[in-house]
Structure formats: structure tokens, C-alpha cells
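The values are calculated or read from the model by the stated rules, or taken from the named source; none is laboratory data. This is a predicted model, so every value here is computed, not measured. No Cβ is skipped: glycine too gets one built from the backbone with ideal geometry, and neighbour counts run over all protein chains shown. Just so you know, the surface numbers come from the protein's heavy atoms only, side chains and all, with ligands and any DNA or RNA stripped out. Shrake-Rupley method; radii C 1.70, N 1.55, O 1.52, S 1.80 Å.
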Amino acid sequence: MARTALVTGGSRGIGAAISKALKAAGYSVAATYAGNDEAAATFTEETGIKTYKWNVGDYEESKAGIARVEQDLGPIDVVVANAGITRDAPFHRMTPEQWQQVIDTNLTGVFNTVHPVWPGMRERGFGRVIVISSINGQKGQFGQVNYAATKAGDLGIVKSLAQEGAAKGITANAICPGYIATEMVMAVPEKVRDSIIAQIPTGRLGEPEEIARCVVFLAADDAGFVNGSTITANGGQFFV
Ligand code: CAA
């Protein structure tokens, strides 16, 4: 039987490419979204991938949503914690609300997404946890104290989960995309974006599909020895 994958923020941007690539690789896929009903409906129409609406920052909503997915598609074998937001501002102008919104979605959202599926993965002796972090969690970024903190935190989560899950057949890995051609990056002021592209040796933004193929690799049954790792996919912009 096909394995089941859950992709948060899976109907737009990098998440949409991940959902589609997993479906193409034979997974039964559920994609979550937070607010954009129209984009989600179009995505389902075009891809046949079921979408579910909940706020990853809310534990009870996540738990209830995951229960619905498991009822519809079966136990979740692969969880891709991809949902993320930016609220960029220089630190001296960053508000407590901008800090908290990003923490809730990008960091607590990972806890809320993985925690409800973890006991089932342990029981069944198989699981793949894949967290989409960021180059900016590795190197920091002007204007992203909040975002960089969450993306660095994601790396701590996977390195810890990798140790806790290993004996139960569960791996946990992170992917650190660089600047990818999505709405999130396009929202960066053009002048700033151009200066960022100038720092990428590949000379271009990445494509969402280039991140999706990393996910398909990590999700595979035969990727069991890759655990606690960070895949860097940033066009050579930054090395750890
Ligand atoms: N390093 C040093 N100084 C910088 C700087 C940098 N990287 N970026 C801006 N500054 C300086 C500017 O030169 C300017 O200085 P002066 O006042 O002396 O001229 C000052 O900071 C203000 O800059 P802005 O005019 O840009 O200020 P702003 O308030 O309009 O915007 C900002 C600030 C929101 C942080 C804006 O610079 C910005 O959006 N930066 C991009 C942040 C970024 O990379 N976000 C990534 C989003 S995509 C994503 O997050 C996905 C992923 O994982 C990669």
C-alpha cells in the first residue's frame, strides 16, 4: 500500500512542489493550508491532492486536523513540516507581535505538526520527519531575528528527534533552502533581492522543485541511515 505523507503549507510555494513530487513518487498526500481557500481549491483541482485547513500554530487544531487526515488517508508515515511565514523588520523596529507570530507558526508549528503523529510512527516502527528550515537559520539575516531564530530552532528539533526516533525506525532531517523563487522571496524589495542574487554563486534563485527532490530522497524507505542531517540547497550561497 502507498505510504501516506502530510505536507504543511503544502498548497503553495515550496510546499506545493513537495506535495506534487511526493504524489508523483507514489505517496498518498495531504496538504495543509492556513488561509487561502481559493489557492487551495485550485491546487486540489489541478493536482487531485486533498487539502486541509488548519493553523499549525494551534496544537488542538493540528491534532484534530491530523486525525481527519488519518481517517481519510490512513496513518501518516511521512511528515513534512514546511509551513512558514516571514515578518521581516530590523530588530529595532520588530514588534513583539512580529516576533510571536513567527515563533508560533515556524517553531511551535513544527512541534504541533510532529507531536501528534509521533506515537503512531513509534508504534508502527517507521517514520520520516522532514523539517524545512532555511539558509537564514544557518547564517542569520538582517531583518530576520525572528525568522532566523525559528529556523535555527528547527535544526535543534531534528537533531534531537533523530536521536529519539532512531531505535523505532524513525528518521528526522532538515533541509535548508536558500533563496527560492516563491512569493515569499518575491515579497522582498527588488533592490534587496537583486543584492541577494548577486551573492549566489549559481547566479539565480532556486526552484521549488529543487527542494522537493531533496524531500523525496529523505522520505524514501531506503533513506533510513540518513538521520539528523541538514541538506543545504542554496546555490552555494553559504556553507556550514
Ligand atoms: N546588511 C547591512 N545593512 C543592511 C542590510 C544588510 N543585509 N539590509 C539593509 N541594510 C541597511 C540599509 O542599507 C539601510 O541603511 P541606511 O539607512 O544607512 O541606508 C537600512 O538597513 C534600512 O534598510 P531598508 O531601506 O531595506 O529598510 P526597510 O525598513 O525598508 O526594510 C528590511 C528592512 C525589511 C529588513 C528589508 O531590508 C528586507 O526585506 N530585507 C530582506 C530580508 C530577507 O532577506 N528576507 C528573506 C525573506 S525570504 C525568506 O525568508 C525565505 C528564506 O528562508 C530564504
Out of everything in region 193-225 that is among the small types (G, A, S) and within 12 Å of I14 (Cβ to Cβ), what residue ends up being nearest to the ligand (Cβ to nearest atom)?
G206
Looking at R128, R93 in this structure, which one is touching a residue at least 40 places away in the same chain (Cβ under 8 Å) and of a type in the set (K, R)?
R128
Quick one: in region 151-180, of everything that is away from the ligand (no atom under 16 Å from the Cβ) and free of Cβ contacts under 8 Å to residues at least 24 places away in the same chain, which residue is farthest from P90 (Cα to Cα)?
A167
The conditions are (1) at pLDDT below 95; (2) within 19 Å of V216 (Cβ to Cβ), and A30 fails exactly one of them. Which is it?
(1)
Condition first: hydrophobic (A, V, I, L, M, F, W, C) and not in a helix (DSSP H, G or I). Now tell me which residues in region 219-233 satisfy that.
A220, F225, V226, I231, A233
Which pairs have Cβ atoms under 6 Å, sit 6 or more apart or on different chains, and link a residue in region 137-150 that is in contact (Cβ under 8 Å) with a residue 12 or more places away in the chain and of a type in the set (F, W, Y) to one that is near the ligand (Cβ under 10 Å from one of its atoms) and open to solvent by 10 Å² or more (accessible area, probe 1.4 Å)?
Y147/T86
Counting only residues that are open to solvent by 30 Å² or more (accessible area, probe 1.4 Å), assigned to a helix (DSSP H, G or I) and within 22 Å of A212 (Cα to Cα), region 22-38 contains a total of 2
Does E183 satisfy being touching a residue at least 60 places away in the same chain (Cβ under 8 Å), within 11 Å of the ligand (Cβ to nearest atom) and not aliphatic (A, V, I, L, M)?
yes
Are any residues in region 177-218 surrounded by fewer than 15 Cβ atoms within 10 Å (Cβ to Cβ) and either touching a Cys at 6+ places or on another chain (Cβ under 8 Å) or not in a helix (DSSP H, G or I) (or both), and if so, which ones?
A187, P189, A198, Q199, P201, T202, G203, R204, E207
Taking only region 197-219 into account, find how many residues are of a type in the set (A, V, I, L, M) and free of Cβ contacts under 8 Å to residues at least 24 places away in the same chain.
2
